[in-house]
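Scroll down for the structure; my scribbles are underneath it.
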Amino acid sequence: MPSQREGQNDKEDENLNSLQNEHGKPNTPDGVTAGSREKVKPSRDSQRVEPSAALSKGTPNGEGEKVWERIWERQNLLTALTRVETNGGAPGIDGMTVEELRPYLCETFGLKGHWLDIRSRLDGGTYQPSPVRRVEIPKPDGGMRLLGIPTVIDRFIQQAIAQVVTTLFEPTFSSHSYGFRPKRSAHDAVRAAQAYIREGYDWVVDVDLEKYFDRVNHDKLMARVARVVKDKQVLKLIRTYLESGVMVNGVVMDTEEGTPQGGPLSPLLANIMLDDLDKELEQRGHRFVRYADDCNIYVKSPRAGERVMASVRRFLEQKLKLKVNEAKSKVDRPAKRKFLGFRLFKRKGEVVIGVAQRARARCRERLHQLTRRTRSGRLEEVVKEINNYMRGWIGYFRLADTPSVFQELDEWLRRRLRQLLWKRWKKPRARWRNLVALGVPPSSAREAAGSGKGTWRLAASPPVQQALSNAYWRSQGLLSITERYHQLRTT
């Protein structure tokens with residue numbers, strides 16, 4: 001007689017296999033297709049953990065004791081699978097891509113599918129996550145950020161865990177916490193900071209944690225998870241993921257601390273660890289905004305700010321065993337600090353949201369790379385790459401109340417593109433011919449084509465501007481930064 005557990009596994013295997021249609025091709029719920037695997041680090045919004053639809057009706061008493069069964073419910077697994085496919089991302093150490101995940105879990109080989117074997121090992125406590133693949137990416141302010149890329153199978157399991165555990169912790173989290181939470185965003189955090197400054201709290205205690213995701217104490221973190229999650233199987237599995245190790249240059253290294261960025265569990269665990277800080281600040285009556293490890297506390301004077309900075313530093317280092325980055329933490333006017341890529345400053349008595357100088361510089365640097373004079377590829381390809389990048393950039397920074405920033409960037413970008421084409425036309429006769437074909441009088445075209453001035457200077461000359469006008473770039477499909485900004489602001 002088969003055991004009850006074996007019967008349950010067979011049923012789940014059948015359910016997962018049913019994700020494929022009658023032709024053997026994977027079906028994706030709600031029409032979502034697999035994400036691109038070129039992206040190494042998901043954007044902040046894509047890392048946001050969405051609770052399972054089946055678990056969104058509330059959290060009754062005692063539910064923290066029966067989490068294991070809920071994690072492996074069919075609907076929760078379907079949601080997790082779709083989320084992993086949508087987020088995309090690079091392969092882990094096994095090389096399996098996101099596109100290969102659904103067939104691997106759902107296809108049958110003989111009598112058993114891969115998911116049945118994985119689930120059996122999970123239930124038996126013998127499942128061992130693969131070490132994460134260590135990736136280094138440059139940080140905006142210098143240095144390198146360490147990412148840990150789990151295998152897609154481990155991302156799927158982590159996502160299933162995160163969806164259920166999120167519903168347990170979400171009601172307990174502070175309203176001042178905005179990072180990686182359902183129905184909350186970086187824009188909400190910036191608006192909250194703007195409201196505090198309007199109330200007269202116009203000094204900010206900018207607290208930056210040094211290598212936070214690499215230095216989280218596992219024992220302290222698991223103690224906080226266990227406050228809500230009472231299911232020992234779930235606690236053991238989460239701990240196993242924390243200690244799964246990283247692979248660096250082919251060598252597996254143990255991880256005795258930290259929650260590697262790159263997996264679905266990491267943002268949730270970061271919020272769980274720092275929830276104690278939120279509660280401490282709430283108890284003290286502070287006005288503050290926290291987005292993951294970025295925490296800004298708003299006070300009315302520099303003296304109050306220094307006092308708060310000292311007490312928060314003691315709490316973080318003594319209670320949570322976290323280290324404050326002294327070089328990046330400071331008490332200052334909000335206008336002199338950046339928060340999530342924005343800066344907040346006063347203009348005619350009103351608190352205005354602007355784009356931080358560093359964020360603008362990074363944008364120009366990226367556009368500079370895309371429009372370098374020596375790059376290859378057709379103009380259509382260049383324009384497509386620019387549009388793809390700028391849609392995301394404008395979408396995020398549309399919150400800024402500074403249209404002049406977008407207009408200046410628009411003008412600078414068109415000049416970069418005019419320079420690119422002028423360089424490609426190369427010889428004076430080809431330049432003259434192209435200018436005339438684009439409506440420039442022959443005499444003006446001859447003067448510009450025969451000039452010995454540099455390409456950047458000529459890109460701003462009247463004949464070249466007349467030929468390669470705004471209408472020309474619109475005909476080439478170039479996205480207008482200014483128009484897109486105003487469109488998003490009105491909608």
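Results, tabulated for the structure shown:
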| read-out | value |
| --- | --- |
| Output for region 254-308, where each listed residue is without any contact (Cβ under 8 Å) to a residue 24 or more places away in the chain and open to solvent by less than 30 Å² (accessible area, probe 1.4 Å) | T255 |
| Restricting region 367-406 to residues that are among the basic types (K, R) and farther than 30 Å from R184 by Cβ, the residue that is most open to solvent (accessible area, probe 1.4 Å) | R378 |
| Of the criteria (1) farther than 26 Å from I149 by Cα; (2) assigned to a loop (DSSP other than H, G, I, E, B), which one R181 fails | (1) |
| Helices (runs of 4 or more DSSP H) (entirely within region 438-491) containing at least 3 residues that are in contact with a Leu (Cβ under 6 Å, 6 or more places away or on another chain), surrounded by fewer than 17 Cβ atoms within 10 Å (Cβ to Cβ) and at pLDDT 95 or above | none |
| Subset of region 331-366 that is in a strand (DSSP E or B) and open to solvent by 90 Å² or more (accessible area, probe 1.4 Å) - its residue that is farthest from Q407 (Cα to Cα) | K346 |
| Conditions (1) outside any loop (DSSP other than H, G, I, E, B); (2) closer than 30 Å to R215 by Cβ; (3) touching a residue at least 60 places away in the same chain (Cβ under 8 Å): number failed by K328 | (1) |
| Residue check, L316 surrounded by 15 or more Cβ atoms within 10 Å (Cβ to Cβ), of a type outside the set (V, I, T) and in a loop (DSSP other than H, G, I, E, B) | no |
| Neighbours by Cβ (under 6 Å, 6+ apart or cross-chain): first from region 131-151, on the phi < 0 side of the Ramachandran plot and open to solvent by 60 Å² or more (accessible area, probe 1.4 Å); second assigned to a strand (DSSP E or B) and modelled with pLDDT of 75 or more | R133/I149 |
| Filter pass, A80 being closer than 17 Å to P182 by Cβ, among the hydrophobic types (A, V, I, L, M, F, W, C), part of a helix (DSSP H, G or I) and modelled with pLDDT of 90 or more | yes |
| Test: residue in region 108-128 that is crowded, with 20+ Cβ neighbours inside 10 Å, within 27 Å of P182 (Cβ to Cβ), in contact with a Lys or Arg (Cβ under 9 Å, 6 or more places away or on another chain) and at pLDDT 85 or above | no |
| V355 vs. criteria hydrophobic (A, V, I, L, M, F, W, C) and in contact with a Phe, Trp or Tyr (Cβ under 6 Å, 6 or more places away or on another chain) | yes |
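The values are calculated or read from the model by the stated rules, or taken from the named source; none is laboratory data. Remember, it's a predicted structure, so these values are computed and weren't measured experimentally. Note that each Cβ is placed from the backbone with ideal geometry, even for glycine, and that neighbours are counted across all protein chains shown. These area figures cover heavy atoms from the full protein model, side chains too; ligands, DNA and RNA do not enter into them. Shrake-Rupley method; radii C 1.70, N 1.55, O 1.52, S 1.80 Å.
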